Amino acid sequence: MSQQRALPQSKETLLQSYNKRLKDDIKSIMDNFTEIIKTARIEEEHQVSRSTQGEQDNYEMHVRAANIVRAGESLMRLVSDLKQYLILNDFPSVNEAINQRNQQLRTLQDECDKKLISLRDEIAIDLYELEEEYYSSSVCEPSDLPLCEAYWNCDSLDSSPPDFSSPLVLEETASSNNQIHASPHLNGGGMVEHS
């Protein structure tokens, strides 16, 4: 009783109407069933003929059976309305279900964050070890270049032919050519001397 008084007026009126529907439908079923049982008794004397009385009783039983079915369907609709009312207005249960789902999703998010952090740390360690190995190797000279640029520079020095447009290569080529093709000097004896 105290719970119903705490409810708003519209909800209390709705619950009272549900209660009235329930009582009316149950009373209708009971009354119609009682009348069907009364009709099933055979009485000896009637003012009308026996066949006419039988037809009347048959018709009355069909009507009362239809009333019982109608009351049963009304009870089924009442049950459906009560379920719908409970689902739509049971806010504590809905909130609890939402909170449980939020908790599950937060737990899943924390697990994913922890896995991502550990993966990041492992990748950072592996990258550091790879860079240390790369810079300490004798294949390429260590430099201040980033790893990818140092790799391409080292790769181009190993595999490509010399670029003669570069001034360094031109100087080296010219000095080696000068040493090989230096003009001979003649000394007093007619001997050829290379400088």
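At-a-glance table
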item: Accessible area (Å², 1.4 Å probe, nearest 10) - Tyr135; result: 70 Å²
item: Under the Karplus curve 6.51 cos²θ - 1.76 cosθ + 1.60, θ = phi - 60°, whole-Hz ³J(HN,Hα) for the stretch 54-70, x wherever Gly or Pro sits; result: x, 5, 5, 5, 4, 4, 5, 5, 4, 5, 5, 5, 5, 5, 5, 4, 4
item: 3J(HN,Hα) from dihedral phi, the stretch 11-28, Karplus parametrisation 6.51/-1.76/1.60, rounded to Hz, x for glycine, proline; result: 5, 5, 4, 5, 5, 5, 5, 4, 5, 5, 4, 4, 5, 5, 5, 5, 4, 4
item: Net charge, Leu75 excluded, C-beta distance under 14 Å - Lys, Arg +1, Asp, Glu -1; result: +3
item: Solvent-accessible area of Ser136 with every protein chain in place, 1.4 Å probe, in Å² to the nearest 10; result: 90 Å²
item: Straight-distance crosslink candidates among lysines, where the alpha carbon sits under 16 Å from Lys11 and sequence neighbours closer than 8 are dropped; result: Lys20, Lys83
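The values are calculated or read from the model by the stated rules, or taken from the named source; none is laboratory data. Just so you know, these numbers come straight off a predicted model, no measurement behind them. As a convention, Cβ positions derive from the backbone with ideal geometry for all residues, glycine included, and neighbour counts pool all protein chains shown. Ligands, DNA and RNA are stripped out before the accessible areas are found, and what is left, the full protein with its side chains, is counted by its heavy atoms. Shrake-Rupley method; radii C 1.70, N 1.55, O 1.52, S 1.80 Å.
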